[in-house]
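S.K.: Have a look at this one.
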Amino acid sequence: MPTITLSGRQFEVDEDGFIQDPAQWDDAVANGLAAGEGITALTEDHWKVIRYLHSYYTEFGSAPMIRKLCKETGFNLKTIYQLFPTGPAKGACKLAGLPKPTGCV
Amino acid sequence: MKPALPPVPFTPGASAANRAHRAGAKFLAPLGLPVDLPPDWQASALRKLDELCQQNRALPLYLDSCVRCGACADKCQFFLGTGDPKNMPVARAGLLRDVYRRHRTMGGRIVGALGGGEALTEQKLEEWYVYFHQCSECRRCAVFCPQGIDTAEITRAAREIMGSIGVATKYVTEVLKKVHEVGNNMGIPEAAWRDSCEFLEEEMKEETGIDIRIPVNGEGAEVLLVPPSADLFANPDTMIGYAKLFHAAGVSWTTSTYAGEAGNFGLFLNHEQLKLVNRRIVDAARRLGVRRIVMGECGHAWRAAQAFMDTLNGPLDFLDPPRPEHICEFAVRMMEERRIEVDPAANDGRKVTYHDPCNLARAGGLVEEPRQILRAVVRDFREMAADTTRGRTFCCGAGGGMLADELMDVRMKGAKPRMAAFQASGADHVATPCAICKAQFAAAFQYYKIDAQVVGVMDLLGRAIVIRN
Amino acid sequence: MNGLFLATVFHLSVAFFLLGMGWRCLGWLRAPVPLKIPLTPGPKTRVGVAARLAGETIAFRSLFRAAPGLWVVAWLFHLSLVLLLIGHFGGLVAPKFSQRLLGLTAEQFTAQAQLSGGAIGILAAASLLGLLLRRIASKPLRAISTAGDFFLLLLLLLIVATGLAMRFAGQIDLREARAFVSGMRDFKSAVPSPDSVFTTHLLLVCALLVYAPFSKLVHMAGVFFNPALNQTNTPRERRHIGSGLGPARVVFPPAKTP
């Protein structure tokens, strides 16, 4: 299993760079992974999406429906793609410490 | 049809490097597959080939009777898109045929390489892994083959052989693991499933002012609807379409968190998984006491349900009638019985064409019903060129367990013929009842810079359906 | 060459061909068809299936849609093979019957045989050359062709060439040929072969007959056994019992009640 080092800590990640243990996640992880997803600096808007995703995952054990993410954060899908160029299921979930949503998406 | 995109030159090895992530122990072990290549992997694989040849007539028949006429070559979207000769269906099948000829035919055994065969080496296995995961099992080649040779059967066999020695893709095995552990491909647990359904109920309430339910695990309902779980993540309008349809028709229904997945990735790995995943739907239907199983918008789900369910996990005599039904068939029936009304004006301004998911058209026989619905709910409905629709439809490019990010290169190249036909149609919406197609179209539209939207058939029906309290 | 020897070789080859093809068919038949896999949209009745198979085997319907150019060559080649088979049988094995059937005099019958045999032979040679050139000239075709594909085309070309040589180079005496064939047919006389070209022609045919069951020539029978074509598209109307595959092992703990 590959690992990455973010601010001095080692994390196991999958082939696509998603951290394997969501419990290890903290703000530093999000900051550390941002550049790899084409984001120069995390703004308040980014954090709003990241925090919502992480708290939803903590409560329900999966990523929320994309439409619910939009509604709860007040951002439409286009804005989310502007914030996270690789999209809500990739960049946003990765920064929020979620496992990669896979299936027919 | 004039291809809007230039043809790709014939380039050996063009797509040899585009390989899917290999599954590790984490995903192989739960499926009962060896986690490492066994020391006697060659013998093991050949035994499996032997076994499959004895269990499935199509396999030895297809390997024996291909005349290599090449009629299939330019029919495969992956050859058209990549130009890699090993993506010609005849050559793809050749990867297995070579080994079969060497090890299983009398000529091959006696004269070895002179018999036209090749040994199963590590290099051969690598080629199998790459090119049998660049086939979406779409069966388009079979339609044009004068022998009717169906490369999907060969790909399925090759993947089953590889699986038996612990060689499989992470994408397919991870999804199967989630199906068994959580109940659906996306891995949406019951709490999140319920939360998502409630969220959509609120959305519909806001839109219509009416309470339209999306029931979860409701016992004694008339219908068990089995959607692809992607509908509860990425395709909310499809989900809303189902709900409005059942509501308007006055038919009681439910979803199941045990069988929250229409798709059957067993079709992309091995027979055992095909059967086990399929059984979850039958078991859920029995336990919930429903009278009908209705399959949602998923292409290969329909193949697994309509063609295989009764064989694998039947008899289905607890259902009335004793067979699964497709959501498009159900909708057409409701329209014909005048139990729902639609107003196509709701979809005005959309130029809509229809993409036949390969498994619906070529393995499920479902070609007219979605069109009947679309003609009723859309005023500007147009077909793509006839050699790219119905039985001759192009695969979107990511079926058959290929919808993995790391296969994006071959996926986008494989989408090319479909994109060309779409552009030629002049439409700005493509409706397609398949979650894989939807995800692939969205990516391909972006890649080919086509300003268009992909929607489900139910999305458009949901907008047009007249809802009364 | 000794007629009895040639007759023996020929009869053994025919027997080998029939047994070999039968053995290959039995091999396929022994394996069950576990699932319904008809190509759809497809026929729902047995009559419909028969029509589908007839369309494929008589008109090469799928090939026509796939590659019209190849269709012309391939269809003419197969047609010429069938006509040559009928012609050889009618002209050599049962000449009296054929002559009566056509209502011709002996002279007319021979002239007709020379004419049609020659014409169809040329057609066969031309279409075979077309198939061979196609394999050589096209890059994708070269990539998928095996040694066996070329061997078969060359063997067929040699058979046709020796046949044409008898017709056009050294005009063969049809009466001699008929006498030899009827001797061979009845297995009692030892009429010597008319000439060496005839002998070569016959031995090449024997080689083809013996090679056929090991080669892709099994496609002549295989197409009828193909479940994608010969199954009715009725998985929901009638339960397909998929024998042959063992029960799936359950690798997961028993499922929770939903």
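The values are calculated or read from the model by the stated rules, or taken from the named source; none is laboratory data. Since we're looking at a predicted model, the values are computed, not measured. Here the Cβ is made from the backbone with ideal geometry for all residues, glycine too, and neighbour counts use every protein chain on show.
S.K.: Tell me, which residue of region B:127-144 that is out of contact with any helix residue (DSSP H, G or I) (no Cβ under 6 Å at 6 or more places or on another chain) and assigned to a loop (DSSP other than H, G, I, E, B) is surrounded by the fewest Cβ atoms within 10 Å (Cβ to Cβ)?
M.R.: Here the residue is B:His133.
S.K.: If I filter region C:142-154 for residues that are within 14 Å of chain B (Cβ to nearest Cβ), in contact (Cβ under 8 Å) with a residue 60 or more places away in the chain and among the aliphatic types (A, V, I, L, M), do I get at least one hit?
M.R.: Yes: one or more hits.
S.K.: Could you grab me the full set of residues in region C:112-121 that are among the hydrophobic types (A, V, I, L, M, F, W, C) and within 15 Å of C:Arg178 (Cβ to Cβ)?
M.R.: C:Ala113
S.K.: Here's something else I'd like to know. Could you pull out the residue among B:Arg463, B:Arg418 that is within 20 Å of the chain's Cα centre (by Cα), in contact (Cβ under 8 Å) with a residue 60 or more places away in the chain and in a helix (DSSP H, G or I)?
M.R.: B:Arg418
S.K.: While we're here: Of everything in region C:28-56 that's surrounded by fewer than 17 Cβ atoms within 10 Å (Cβ to Cβ) and touching a Pro at 6+ places or on another chain (Cβ under 9 Å), which residue is nearest to C:Val72 (Cα to Cα)?
M.R.: Per the criteria, the residue is C:Ala51.
S.K.: Looking at region B:146-191 only, could you name the residues that are more than 20 Å from B:Met402 (Cβ to Cβ), touching a helix residue (DSSP H, G or I) at 6+ places or on another chain (Cβ under 6 Å) and within 12 Å of chain C (Cβ to nearest Cβ)?
M.R.: B:Pro146, B:Gln147, B:Gly148, B:Ile149
S.K.: A follow-up question, please. Quick check on this structure: which one of C:Leu79, C:Leu131, C:Leu101 is touching a helix residue (DSSP H, G or I) at 6+ places or on another chain (Cβ under 7 Å) and either in a helix (DSSP H, G or I) or of a type outside the set (D, E, K, R) (or both)?
M.R.: Result: C:Leu131 is the single residue among C:Leu79, C:Leu131, C:Leu101 that is touching a helix residue (DSSP H, G or I) at 6+ places or on another chain (Cβ under 7 Å) and either in a helix (DSSP H, G or I) or of a type outside the set (D, E, K, R) (or both).
S.K.: Within region B:204-235, can you find the residues that are surrounded by 20 or more Cβ atoms within 10 Å (Cβ to Cβ), within 14 Å of another protein chain (Cβ to nearest Cβ) and not in a loop (DSSP other than H, G, I, E, B)?
M.R.: Matches in region B:204-235: B:Met204, B:Leu224, B:Leu225, B:Val226, B:Ser229, B:Ala230, B:Asp231, B:Leu232.
S.K.: Within region B:192-202, restricting attention to residues that are more than 7 Å from chain A (Cβ to nearest Cβ) and not aromatic (Phe, Trp, Tyr), which residue is surrounded by the fewest Cβ atoms within 10 Å (Cβ to Cβ)?
M.R.: So the residue we want is B:Glu202.
S.K.: Say whether the condition of being in a helix (DSSP H, G or I) and within 12 Å of the chain's Cα centre (by Cα) is met by at least one residue in region A:6-19.
M.R.: no
S.K.: Out of B:Phe445, B:Phe394, I need the residue that is of a type outside the set (D, E, K, R) and part of a helix (DSSP H, G or I). Which one?
M.R.: B:Phe445
S.K.: State whether one or more residues within region A:71-78 are under 12 Å from the mean Cα position of the chain (by Cα), at pLDDT 95 or above and closer than 26 Å to B:Glu202 by Cβ.
M.R.: Taking every residue of region A:71-78 in turn, none turns out to be under 12 Å from the mean Cα position of the chain (by Cα), at pLDDT 95 or above and closer than 26 Å to B:Glu202 by Cβ.
S.K.: I would also like to ask the following. Restricting to region C:83-96, name every residue that is surrounded by 11 or more Cβ atoms within 10 Å (Cβ to Cβ) and part of a helix (DSSP H, G or I).
M.R.: Of everything in region C:83-96, those that are surrounded by 11 or more Cβ atoms within 10 Å (Cβ to Cβ) and part of a helix (DSSP H, G or I) turn out to be C:Leu83, C:Leu84, C:Ile86, C:Gly87, C:His88, C:Phe89, C:Gly90, C:Gly91, C:Leu92, C:Val93, C:Pro95, C:Lys96.
S.K.: Shifting gears a bit: Determine if region A:10-17 includes at least one residue that is more than 24 Å from B:Phe27 (Cβ to Cβ) and touching a residue at least 60 places away in the same chain (Cβ under 8 Å).
M.R.: no
S.K.: Mind checking whether some residue in region B:286-294 is modelled with pLDDT of 95 or more, touching a helix residue (DSSP H, G or I) at 6+ places or on another chain (Cβ under 6 Å), of a type in the set (Lys, Arg) and not assigned by TED's automatic domain parsing to the domain that holds B:Ile373?
M.R.: For region B:286-294, residues modelled with pLDDT of 95 or more, touching a helix residue (DSSP H, G or I) at 6+ places or on another chain (Cβ under 6 Å), of a type in the set (Lys, Arg) and not assigned by TED's automatic domain parsing to the domain that holds B:Ile373: absent.
S.K.: While we're looking at this one, here's another question. Which ones in region B:337-387 are surrounded by 22 or more Cβ atoms within 10 Å (Cβ to Cβ) and either within 14 Å of another protein chain (Cβ to nearest Cβ) or modelled with pLDDT under 95 (or both)?
M.R.: Of everything in region B:337-387, those that are surrounded by 22 or more Cβ atoms within 10 Å (Cβ to Cβ) and either within 14 Å of another protein chain (Cβ to nearest Cβ) or modelled with pLDDT under 95 (or both) turn out to be B:Asp356, B:Pro357, B:Cys358, B:Asn359, B:Leu360, B:Ala361, B:Arg362, B:Ala363, B:Gly364, B:Gly365, B:Leu366, B:Pro370.
S.K.: Just checking, how many residues over region B:397-415 are part of a helix (DSSP H, G or I) and either closer than 20 Å to B:Ala363 by Cβ or within 14 Å of chain C (Cβ to nearest Cβ) (or both)?
M.R.: The qualifying residues number 1.
S.K.: Hey, does region A:79-90 have a residue that's touching an Asp or Glu at 6+ places or on another chain (Cβ under 7 Å), closer than 23 Å to B:Val175 by Cβ and not in a loop (DSSP other than H, G, I, E, B)?
M.R.: For region A:79-90, residues touching an Asp or Glu at 6+ places or on another chain (Cβ under 7 Å), closer than 23 Å to B:Val175 by Cβ and not in a loop (DSSP other than H, G, I, E, B): absent.
S.K.: Considering only residues that are under 25 Å from the mean Cα position of the chain (by Cα), surrounded by fewer than 19 Cβ atoms within 10 Å (Cβ to Cβ) and among the hydroxyl-bearing types (Ser, Thr, Tyr), which ones fall in region C:161-198?
M.R.: Within region C:161-198, C:Ser182 is the sole residue that qualifies.
S.K.: I've got another one for you. Out of (1) of a type outside the set (Asp, Glu); (2) closer than 30 Å to B:Gly83 by Cα; (3) in contact (Cβ under 8 Å) with a residue 40 or more places away in the chain, the odd one out for C:Leu132 is which?
M.R.: For C:Leu132, the failing item is (3).
S.K.: On the given criteria, is C:Phe168 in contact (Cβ under 8 Å) with a residue 12 or more places away in the chain, within 14 Å of chain B (Cβ to nearest Cβ) and of a type outside the set (Asp, Glu)?
M.R.: no
S.K.: If you go through region C:185-229 one residue at a time, how many are polar (S, T, N, Q) and either within 24 Å of B:Val143 (Cβ to Cβ) or facing another protein chain (nearest Cβ under 10 Å) (or both)?
M.R.: 2
S.K.: Kindly indicate whether any position in region A:51-72 is free of Cβ contacts under 8 Å to residues at least 40 places away in the same chain, surrounded by fewer than 18 Cβ atoms within 10 Å (Cβ to Cβ) and of a type in the set (A, V, I, L, M, F, W, C).
M.R.: no
S.K.: What's the number of the only condition in (1) outside the structural domain of B:Phe268 (by TED's automatic domain parsing); (2) surrounded by fewer than 14 Cβ atoms within 10 Å (Cβ to Cβ) that B:Pro315 fails to meet?
M.R.: The single condition B:Pro315 does not satisfy is (1).
S.K.: Go through region B:165-208 and give me each residue that's in contact (Cβ under 8 Å) with a residue 60 or more places away in the chain and among the acidic types (Asp, Glu).
M.R.: B:Glu174, B:Glu181, B:Glu190
S.K.: Hey, could you check region C:41-65 for residues that are farther than 22 Å from C:Val218 by Cα and modelled with pLDDT of 95 or more and say which is nearest to the other protein chains (Cβ to nearest Cβ)?
M.R.: C:Arg65
S.K.: Going through region B:34-57 one residue at a time, which ones are within 13 Å of another protein chain (Cβ to nearest Cβ), out of contact with any Pro (no Cβ under 8 Å at 6 or more places or on another chain) and among the polar types (S, T, N, Q)?
M.R.: B:Gln54
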